[in-house]
Amino acid sequence: MHQTCLNCSTHYKGHFCNNCGQKETHRYTVAHVFHELVHVFTHADKGIFSFAWNIIKKPGIVALDLTEGRRKRYFNLFQYLLIIVGITTFLVTQTHLIERTLVTMNKGTGAAQSSELVKLQQSVAAFLQKYNNIFQLILIPLFAFFSWLFIGRGKKRNYAENIVLHAASSAQSNTLAIVTSLLMIVSTTDTHFVILSFVSLFVILYTFTISYRQFYQLSWIKSILFAIAVLACSYIIQTFTTAVSVVIYFLLNR
Ligand SMILES: [Zn+2]
């Protein structure tokens, strides 16, 4: 039977439009609306919650599926990433996480601080918090560059595919960061706080390692070593760029 697609007006045969892919549609019914709502939470594939679970368990497999064309089964990775980075940025801002980290670190080193330096540190922390989402997203192509350089080139994976891999890895660490930042809110002592800061670092190292292991089918040892190498190289560039952008920001906002 011939149909006309209600989404794009193409004439087609069968149950799906062969131009835009929309399924044949009928008017909404209460049962349909209810089904769609339940679907968001429960459906085994394509739902955001099952995607979150997949990205926690196997970011490298998700990235591999996406690069090899198995895409329809998943919620959109980049859409998920924007949502999750938005949530963590909200948490980081609301809990003054970076400011608190700085204060705790200063106490730990016992360095005598002039009030000027403390003030500068606080405004830098506020700056980093405010633009946390942008920093999180800028880091992805940077990490991807080094993973392409160190592993991807030899394995015939291009730069864009490494961006997808690190988008999945970043989606994983940001999902896990929701848990750690909630723990940081309830942590009352500095010791808890320092422990959690270390945990956060290990979470990132872990997400890189598991991503490389799953995506490139490497041994644990190789995955960890590449993870450390990529993080170290990116950290050097990141520190330099952050310093420069902080200076520019304050020169512009004087
Ligand atoms: Zn259509």
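Could you go through the stretch 14-21 and let me know if any residue there is among the small types (Gly, Ala, Ser) and within 16 Å of the ligand (Cβ to nearest atom). Yes, the stretch 14-21 has at least one match.
Results for (1) of a type in the set (A, V, I, L, M); (2) crowded, with 21+ Cβ neighbours inside 10 Å; (3) more than 28 Å from Tyr80 (Cβ to Cβ); (4) out of contact with any Cys (no Cβ under 7 Å at 6 or more places or on another chain), shown as yes or no for each residue.
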residue: Leu183; (1), (2), (3), (4): yes, no, no, yes
residue: Asp190; (1), (2), (3), (4): no, no, yes, yes
residue: Leu196; (1), (2), (3), (4): yes, no, no, yes
residue: Thr207; (1), (2), (3), (4): no, yes, no, yes
residue: Leu225; (1), (2), (3), (4): yes, no, yes, yes
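Which one of Leu37, Leu64 is out of contact with any strand residue (DSSP E or B) (no Cβ under 9 Å at 6 or more places or on another chain), assigned by TED's automatic domain parsing to the domain that holds Lys155, away from the ligand (no atom under 16 Å from the Cβ) and over 26 Å from Ile134 (Cβ atoms)?
Within the list Leu37, Leu64, the selection yields Leu64.
Condition test on Lys23, is it of a type in the set (Lys, Arg) and crowded, with 16+ Cβ neighbours inside 10 Å? In short, no. Could you run through the stretch 35-67 and say how many residues are closer than 17 Å to His166 by Cβ and among the charged types (D, E, K, R)? Of the residues in the stretch 35-67, 2 are closer than 17 Å to His166 by Cβ and among the charged types (D, E, K, R). Against the numbered list (1) hydroxyl-bearing (Ser, Thr, Tyr); (2) at pLDDT 90 or above; (3) within 16 Å of the ligand (Cβ to nearest atom); (4) surrounded by 11 or more Cβ atoms within 10 Å (Cβ to Cβ), Ser9 comes up short only at (4).
The values are calculated or read from the model by the stated rules, or taken from the named source; none is laboratory data. If you're wondering where the values come from, they're calculated on a predicted model, not measured in any experiment. Here the Cβ is made from the backbone with ideal geometry for all residues, glycine too, and neighbour counts use every protein chain on show.
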